[in-house]
Amino acid sequence: MSSLLKFSNVTLRRGARVLVDGLDFTLGPGERLQVTGPNGSGKSSLIRLAAGLLPAAAGQVERSALALADDHLALDRELLLRTALGFWGGAVEQAMVALNIDHLAEVPVRLLSSGQVKRATLARVAASRAPLWLLDEPLNALDSDGRKRLGALVERHLEGGGAVVAASHQPLGGDWRKLELKR
Amino acid sequence: MIRALIVRDLRRGFTGAAWLPIAFFLLVAALTPFAIGPDPQLLSRVGPGILWIAALTAALLPIERLIEPDRADGVLDQLALHGLAEESVAFAKIAAHWLTFAPLLLLAAIPASALLALDAAALWQTALALAIGTPALAALAVAIAAVTAGMPRAGSLAGLLLLPLAVPLLIFGAANALLLEAAVSLLLTAGAPFVAGAAIRATRT
């Protein structure tokens with residue numbers, strides 16, 4: 001498959017507001033795209049549109065299998081971290097090691113700190129075998145070690161032929177194509 | 001994935017609030033003799049109807065925890081990304097909710113019937129009618145939970161929506177017109193996943 005995510009003349013509308021009009025881009029294996037813009041410019045909506053969770057007002061989005069990490073945990077709080085991640089399947093153990101939360105595997109999710117929670121949502125994506133990763137504000141609540149680990153994960157994913165779209169107003173480190181949204 | 005979701009919801013049901021509706025059901029049955037007096041003849045006359053009303057109101061209690069927590073926590077989004085149709089999610093939730101709700105309710109009907117001075121034949125009749133009605137009650141609860149997910153005061157709104165829809169079940173069930181009740185139950189159970197699926201999609205923001 002030549003492209004993992006393809007926007008063709010896409011319009012995204014929220015209520016009466018047009019956030020994006022006539023957007024065209026293609027993301028292939030090994031490519032990464034950073035969506036930037038001020039608060040309220042529609043970065044998260046664009047991610048959700050790319051994920052297929054929001055409909056496009058016009059145009060077409062083609063996507064491969066994907067994994068999404070946003071500010072929703074989507075892990076059962078009463079379960080141990082390992083079991084909770086296991087529900088979504090994939091290479092859970094490696095993902096926990098990659099994000100340095102493997103020592104928390106036997107801790108209930110509800111006891112995790114916000115930084116650890118963020119790592120857990122990223123581990124859910126890393127464990128998935130989806131070629132396309134969508135990350136909404138992946139740096140929120142991450143410390144410098146967390147950022148470094150995320151950077152390494154992204155590099156490895158790109159080397160393996162994956163693609164990443166990240167929405168963030170902060171620099172992500174590495175060489176990202178930029179897509180700037182205006183208010 | 002559907003089976004994993006049913007197992008997960010069963011675990012959450014039985015370790016969580018599955019007992020509340022049953023306790024409520026028994027409480028209503030226990031209150032009735034206080035409210036209308038201990039005369040066994042009167043109690044056994046109104047007993048089956050009371051059990052039905054208790055079951056309907058008990059079905060309302062869990063509505064707020066059926067869909068909303070998973071919507072707010074992004075679980076419904078992740079399930080969609082794993083390729084599960086919203087209708088399949090709704091079906092799994094209905095199945096899991098029915099399995100946590102119906103067997104306990106039918107068990108609770110035994111002590112409840114003793115409180116209401118029902119004899120074995122009346123208990124058997126009522127339990128059979130309840131058993132036929134419970135899939136529809138579970139399906140309605142999940143559908144209404146999906147429709148009201150994310151709304152303020154969803155719980156009270158859910159009551160206003162669910163109880164009128166359950167009236168046909170109540171009429172045929174309490175009158176022991178089991179075939180008609182089964183037909184209504186089938187219709188509601190078959191339709192609910194589609195209503196709930198559409199509602200889950202529509203509430204996505």
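Miscellaneous remarks
- For beta carbons closer than 7 Å, sequence separation of 6+ or different chains, a first residue in region B:10-21 that is more than 12 Å from every other protein chain (Cβ to nearest Cβ) and a second that is among the basic types (Lys, Arg), the qualifying pairs are B:ALA17/B:ARG65.
- B:GLU181 meets each of the listed conditions (1) in a loop (DSSP other than H, G, I, E, B); (2) among the charged types (D, E, K, R); (3) more than 27 Å from B:GLU68 (Cβ to Cβ) apart from (1).
- Scanning region B:113-153 for residues being in contact with a Ser or Thr (Cβ under 9 Å, 6 or more places away or on another chain) and of a type in the set (Gly, Ala, Ser) gives a total of 12.
- Taken together, B:GLY47, B:GLY83, B:GLY74 contain a single residue that is in contact (Cβ under 8 Å) with a residue 60 or more places away in the chain and in contact with a Leu (Cβ under 7 Å, 6 or more places away or on another chain), which is B:GLY47.
- Every condition in (1) at pLDDT below 90; (2) surrounded by 21 or more Cβ atoms within 10 Å (Cβ to Cβ); (3) within 14 Å of chain A (Cβ to nearest Cβ) holds for B:ALA59 except the one numbered (3).
Yes or no, residue by residue, for (1) in a strand (DSSP E or B); (2) within 12 Å of another protein chain (Cβ to nearest Cβ); (3) modelled with pLDDT under 90:
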| residue | (1), (2), (3) |
| --- | --- |
| A:LEU33 | yes, no, no |
| A:PRO38 | no, no, yes |
| A:SER45 | no, yes, no |
| A:LEU49 | no, yes, no |
| A:GLU62 | yes, no, no |
| A:HIS72 | no, yes, no |
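- Filtered residues of region A:76-93 (kept if within 13 Å of another protein chain (Cβ to nearest Cβ) and in a loop (DSSP other than H, G, I, E, B)): A:ASP76, A:ARG77, A:GLU78, A:LEU79, A:TRP88, A:GLY89, A:GLY90
- Of the criteria (1) more than 10 Å from chain B (Cβ to nearest Cβ); (2) touching a residue at least 12 places away in the same chain (Cβ under 8 Å), which one A:ALA16 fails: (2)
- For region A:147-167, the criterion of being within 13 Å of chain B (Cβ to nearest Cβ) and within 18 Å of B:GLY74 (Cα to Cα) is met by none of the residues.
- Restricting A:ALA130, A:ALA141 to residues that are assigned to a loop (DSSP other than H, G, I, E, B), surrounded by 15 or more Cβ atoms within 10 Å (Cβ to Cβ), within 14 Å of chain B (Cβ to nearest Cβ) and in contact with a Gly (Cβ under 9 Å, 6 or more places away or on another chain) narrows the list to A:ALA130.
- For A:ASN100, the conditions (1) surrounded by fewer than 19 Cβ atoms within 10 Å (Cβ to Cβ); (2) at negative phi; (3) not in a helix (DSSP H, G or I) are fulfilled apart from (2).
- Top-ranked residue in region B:62-71 [being assigned to a helix (DSSP H, G or I) and either buried (at least 20 other Cβ atoms within 10 Å of the Cβ) or touching a residue at least 12 places away in the same chain (Cβ under 8 Å) (or both); ranked as farthest from the other protein chains (Cβ to nearest Cβ)]: B:ILE63
- Yes/no for B:LEU20 being under 21 Å from B:ALA122 (Cβ atoms) and surrounded by fewer than 22 Cβ atoms within 10 Å (Cβ to Cβ): no
Conditions tested, residue by residue: (1) surrounded by 15 or more Cβ atoms within 10 Å (Cβ to Cβ); (2) within 14 Å of another protein chain (Cβ to nearest Cβ); (3) without any contact (Cβ under 8 Å) to a residue 24 or more places away in the chain; (4) under 19 Å from B:GLY133 (Cα atoms).
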position: B:SER156; (1), (2), (3), (4): no, no, yes, no
position: B:LEU163; (1), (2), (3), (4): yes, no, no, yes
position: B:ALA166; (1), (2), (3), (4): yes, no, no, yes
position: B:LEU169; (1), (2), (3), (4): yes, no, no, yes
position: B:ASN176; (1), (2), (3), (4): no, no, no, yes
position: B:GLU181; (1), (2), (3), (4): yes, no, no, yes
position: B:VAL184; (1), (2), (3), (4): yes, no, no, yes
position: B:ALA199; (1), (2), (3), (4): yes, no, no, no
position: B:THR203; (1), (2), (3), (4): yes, yes, no, no
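- Condition met for B:LEU140 (surrounded by fewer than 22 Cβ atoms within 10 Å (Cβ to Cβ) and either modelled with pLDDT of 95 or more or farther than 15 Å from B:TRP52 by Cα (or both)): no
The values are calculated or read from the model by the stated rules, or taken from the named source; none is laboratory data. Small disclaimer: the values here were computed from a predicted structure and weren't measured. Every residue, glycine among them, receives a Cβ derived from its backbone with ideal geometry; neighbour counts consider all protein chains shown.
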